[in-house]
Amino acid sequence: MKTFGYAAHTAKAPLAPYTFERRAVGEHDIAIEIKYCGICHSDIHFVRDEWGAQKYPCVPGHEIAGIVTQVGSKVTKHKVGDAVGVGCMVDSCRHCSSCESGQENYCLNGSTMTYGGKEKDGSITQGGYSSAIVVSQDFALKIPKNLPLDAAAPLLCAGITLYSPLSHWKAGPGKKVAIIGLGGLGHMGVKIAHAMGADVTVLSHSLKKKEEGMKMGANAFYATSDAETFTKLRGQFDLIINTVSAELDWNMYLSLLKLDGTMVVLGLPEKAIPVSAFSLIIGRKSLSGSVIGGIKETQEMLDFCGKHNITCDIELIPVTKINEAYERVVKSDVRYRFVIDMKTLQS
Ligand code: NAP
Ligand code: ZN
Ligand code: ZN
């Protein structure tokens with residue numbers, strides 16, 4: 001299937017138009033006309049080669065929302081005309097203990113990522129900054145009818161990446177949760193944790209986004225550039241979720257946890273960050289990490305967002321503005337997710 005998209009052709013070059021082939025729709029596959037795709041900070045890390053050698057050209061994008069246009073002969077889960085989404089994975093081994101427990105994101109044989117991943121036939125996957133995608137029916141999610149497709153697209157990565165740890169560590173009434181970084185991931189964290197009933201604090205590098213953060217459901221908002229913040233909030237939180245893509249001193253943030261509290265790392269800075277044993281043993285604290293969520297849990301998140309009317313705050317852009325958007329994401333200058341309108345893609 002001839003597909004139009006935007007690709008990085010090398011690590012340093014701006015993204016540019018690219019035409020490529022998608023596989024034909026197999027028995028268990030569906031074809032999706034992509035309407036919208038979010039820009040995740042991971043797309044930028046990836047195409048700029050910050051996580052190690054990539055294969056080019058690479059079409060990024062794993063916050064995909066669109067409409068089913070074709071279904072294979074054995075497809076039972078979706079039908080032509082359905083609003084569906086595709087997130088960070090398009091396949092997994094399907095038989096390891098993680099896959100069997102619905103945690104394909106932790107597939108022991110490595111899940112197949114939506115772009116830059118290797119399909120079972122050896123081909124390299126290409127992502128959602130494109131006109132269409134062909135995926136297994138099992139890796140497509142149903143988008144609730146009450147959610148607009150453009151603002152729902154980022155739920156497929158930013159939404160599930162926050163929902164999964166918030167649900168795993170039981171954010172809810174009586175729990176104090178802090179979210180570090182009010183970006184694409186962070187703002188979803190505030191909305192979801194608030195809807196789960198937790199008391200939510202935002203730790204942002206300045207107070208510039210305070211008014212918006214409070215409207216999203218935060219109970220408190222602090223600037224981490226102010227040393228007083230760390231004195232004032234010492235020992236306060238049950239759960240801290242760190243969404244920051246830059247290097248921070250994690251030891252300072254661990255000091256904000258209560259006895260038995262957990263800090264979960266989601267952001268992926270380029271360099272390793274040293275943690276002192278003292279930051280963990282004093283207060284029996286845990287430092288953990290989490291990556292997206294399983295397919296069943298992603299559907300649960302979408303249904304939760306449908307029920308609570310949660311979507312992302314987006315800036316809708318034409319494809320020609322992708323490179324400009326990348327620069328603005330790196331400067332934390334986005335409110336709060338860029339979403340590409342695919343009808344602006346020229347064939
Ligand atoms: P984003 O929109 O750029 O948000 C990151 C936020 O971090 C910014 O809005 C900013 O918030 C804060 N920040 C950025 N630079 C900072 C600095 N130098 N010092 C302090 N704070 C800074 O990015 P995103 O799309 O949410 O992604 C965040 C990170 O999560 C990326 O590294 C991405 O690769 C990773 N990620 C992980 C997963 C996973 O499954 N674990 C999934 C998706 C993405 P404030 O302005 O409020 O300080
Ligand atoms: Zn992402
Ligand atoms: Zn597996």
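The values are calculated or read from the model by the stated rules, or taken from the named source; none is laboratory data. Here the structure is a predicted model, which means the values were calculated and not measured. Every residue, glycine among them, receives a Cβ derived from its backbone with ideal geometry; neighbour counts consider all protein chains shown. The area values use the complete protein model at the heavy-atom level, side chains included, leaving out ligands, DNA and RNA. Shrake-Rupley method; radii C 1.70, N 1.55, O 1.52, S 1.80 Å.
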Return the only residue of Leu302, Leu316 being aliphatic (A, V, I, L, M) and surrounded by fewer than 21 Cβ atoms within 10 Å (Cβ to Cβ). Leu316
Filtering segment 253-296 down to residues that are within 16 Å of ligand 3 (Cβ to nearest atom) and open to solvent by less than 40 Å² (accessible area, probe 1.4 Å), which residue is nearest to Gly52 (Cα to Cα)? Ile292
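From the list Ile160, Ile124, Ile64, which residue is in contact with a Leu (Cβ under 8 Å, 6 or more places away or on another chain) and closer than 30 Å to Pro14 by Cβ? Quick ask: steps written out before the conclusion?
Working: Ile160 fails: in contact with a Leu (Cβ under 8 Å, 6 or more places away or on another chain); Ile124 fails: in contact with a Leu (Cβ under 8 Å, 6 or more places away or on another chain).
Result: Ile64 is the single residue among Ile160, Ile124, Ile64 that is in contact with a Leu (Cβ under 8 Å, 6 or more places away or on another chain) and closer than 30 Å to Pro14 by Cβ.
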Conditions first: (1) of a type in the set (S, T, N, Q); (2) touching a residue at least 12 places away in the same chain (Cβ under 8 Å); (3) away from ligand 1 (no atom under 16 Å from the Cβ). Ser97 passes all but one, so which condition is the exception? (2)
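What helices (runs of 4 or more DSSP H) completely inside segment 134-221 contain at least 2 residues that are assigned by TED's automatic domain parsing to the domain that holds Lys232 and open to solvent by 10 Å² or more (accessible area, probe 1.4 Å)? Working first, answer last.
Details: elements: 149-152, 158-168, 184-196, 210-216.
Ranges flagged: 158-168, 184-196, 210-216.
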Please give the strands (runs of 3 or more DSSP E) falling wholly within segment 259-347 in which 1 or more residues are touching a residue at least 12 places away in the same chain (Cβ under 8 Å) and in contact with a Ser or Thr (Cβ under 9 Å, 6 or more places away or on another chain). 286-289, 314-318
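Counting just the residues of segment 63-110 that are of a type in the set (Ser, Thr, Tyr) and not in a helix (DSSP H, G or I), which one comes out most open to solvent (accessible area, probe 1.4 Å)? Write out each step before concluding.
Here is the first cut: in segment 63-110, the residues of a type in the set (Ser, Thr, Tyr) are 69, 73, 76, 92, 97-98, 101, 106.
Of the ones still in play, those that are also not in a helix (DSSP H, G or I) are 69, 73, 76, 92, 101.
Numbers: Thr69: 70, Ser73: 102, Thr76: 118, Ser92: 4, Ser101: 68 Å².
Among those that are of a type in the set (Ser, Thr, Tyr) and not in a helix (DSSP H, G or I), it is Thr76.
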Filter result (within 15 Å of ligand 1 (Cβ to nearest atom) and either touching a Lys or Arg at 6+ places or on another chain (Cβ under 6 Å) or more than 15 Å from Thr298 (Cα to Cα) (or both)) within segment 100-110: Cys107, Gly110
From the set of residues in segment 111-122 that are under 20 Å from the mean Cα position of the chain (by Cα) and within 13 Å of ligand 3 (Cβ to nearest atom), which is least open to solvent (accessible area, probe 1.4 Å)? Thr112
